[in-house]
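Read the structure below first, then the notes.
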Amino acid sequence: MKIGGKTKIVGIFGYPLAHSLSPHLHNAAFVELGLDFVYLPFWVESKNLDLAARAIKSLNMVGVNVTIPHKKEIIPYLDEATPEARMMGAVNTVSNRKGRLIGHNTDGQGFIDSLKEEGKFDPRGKRVMLLGAGGAARAISSVLIREGIASLIIVNRTQRRGEELAHHLKRIFKNMCPIDLVEFSKRNFYGGVREINLFVNATSVGMHAEDDLLINLDLFPPGTFVYDVVYNRRTELLEAAEERDLPCLGGLGMLIHQAVFSFEIWTHRKAPLQKMREAAEKELGMGKRGT
Ligand SMILES: NC(=O)c1ccc[n+]([C@@H]2O[C@H](COP(=O)([O-])OP(=O)(O)OC[C@H]3O[C@@H](n4cnc5c(N)ncnc54)[C@H](OP(=O)(O)O)[C@@H]3O)[C@@H](O)[C@H]2O)c1
């Protein structure tokens, strides 16, 4: 990769960022297509988010990804947001269109594409349990309802955050889908768990080997699809699903698909998906197809 006076800059705002795969995915894609772009990590703390957002304009950057903890907090600093990002109340991609900052969200579509293409699972008409109420959970729950799921159970460690997400979804989608909020302490006793078709872990639990398994998979009906958004390692949740012969998928596919959409927003070019997957797998030290 050669950096010169015309190189266009994109990057990622968040913290911590040390383990982010996004620079590897995007820079591999720029090299593959011979584009004069570079993707850089920017360690941005919450107190500096307004300055960082203004820098996208003042430094004439093409755009940025936004990650923990800024996906919701960035919204007031943008000029507009796409209907998708408004629906989710979260932004993971910003594009700079002639000095106007547009907020997008590619996480949700990344999840759906991964679920359908790799998981061969169509969520339409299915009963879903979602663990988490952060940025990933917001994106995933919104697209699942839009895809026509039959019902949604939300469980989150902090009840207030779970309530906020349930309230947001009910406001946006009205009566499109029944939504139940179940207290975290009751998650393994709630009868509805015995009727789900899809379980999604949208928390960060599983990123570390010592993390607890938060759900009793013996409650799930046979054939329940288990999706874990965590992508940095093979989680205990996925291992527990495999032990019970449940179909399952880790979050690497979602990461790659959301990156593909961001890349295409910035460059207006078709992203080299396979190259991005190889870059991610190499960085994670996986052989081919590690999730
Ligand atoms: N595969 C992908 O493309 C992709 C995309 C986005 C995110 N992710 C992954 O998704 C995960 C969540 O990201 P995010 O952006 O949603 O983060 P976030 O906004 O900070 O939300 C974190 C969520 O995890 C829950 N949580 C954290 N520690 C927990 C614990 N010990 N026990 C129970 N719940 C716990 C939080 O519950 P509280 O509300 O109680 O704190 C919250 O629901 C991360 O692992 C991230 O890497 C993957």
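Does Lys270 satisfy the condition of being charged (D, E, K, R), open to solvent by 70 Å² or more (accessible area, probe 1.4 Å), part of a loop (DSSP other than H, G, I, E, B) and in the same structural domain as Arg97 (by TED's automatic domain parsing)?
Yes, satisfied.
Return the residues of segment 108-126 that are open to solvent by less than 10 Å² (accessible area, probe 1.4 Å) and in contact (Cβ under 8 Å) with a residue 60 or more places away in the chain; say none if nothing qualifies.
Once the filter is applied, which keeps residues that are open to solvent by less than 10 Å² (accessible area, probe 1.4 Å) and in contact (Cβ under 8 Å) with a residue 60 or more places away in the chain, segment 108-126 yields Gly110, Phe111, Ser114, Leu115, Pro123.
For Asn60, only one of the following conditions fails: (1) outside any loop (DSSP other than H, G, I, E, B); (2) polar (S, T, N, Q); (3) open to solvent by 20 Å² or more (accessible area, probe 1.4 Å). What is its number?
Against the list (1) outside any loop (DSSP other than H, G, I, E, B); (2) polar (S, T, N, Q); (3) open to solvent by 20 Å² or more (accessible area, probe 1.4 Å), Asn60 comes up short only on (1).
Going by the structure shown, is Ile153 over 18 Å from Val230 (Cβ atoms) and either touching a Phe, Trp or Tyr at 6+ places or on another chain (Cβ under 7 Å) or buried (at least 20 other Cβ atoms within 10 Å of the Cβ) (or both)? Reasoning before the result, please.
Values: over 18 Å from Val230 (Cβ atoms): yes; either touching a Phe, Trp or Tyr at 6+ places or on another chain (Cβ under 7 Å) or buried (at least 20 other Cβ atoms within 10 Å of the Cβ) (or both): yes.
Judged against the criteria, Ile153 is a match.
Within segment 11-55, count every residue that is within 20 Å of Asn96 (Cβ to Cβ) and without any contact (Cβ under 8 Å) to a residue 12 or more places away in the chain.
Going through segment 11-55 one residue at a time, the tally reaches 3.
Looking at Phe189, Phe199, which one is outside any helix (DSSP H, G or I), crowded, with 18+ Cβ neighbours inside 10 Å and either on the phi < 0 side of the Ramachandran plot or of a type in the set (S, T, N, Q) (or both)?
Phe199
Among the residues of segment 263-284, which ones are in contact with a helix residue (DSSP H, G or I) (Cβ under 8 Å, 6 or more places away or on another chain) and either within 16 Å of the ligand (Cβ to nearest atom) or free of Cβ contacts under 8 Å to residues at least 60 places away in the same chain (or both)?
Phe263, Lys270, Ala271, Leu273, Met276, Arg277, Ala279, Ala280, Glu281, Glu283, Leu284
The values are calculated or read from the model by the stated rules, or taken from the named source; none is laboratory data. Source: prediction; values computed, not measured. Don't worry about glycine lacking a Cβ; one is built from the backbone with ideal geometry, like all the others, and counts go over all protein chains shown. Only protein heavy atoms, including side chains, enter the accessible area calculation; ligands, DNA and RNA are left aside. Shrake-Rupley method; radii C 1.70, N 1.55, O 1.52, S 1.80 Å.
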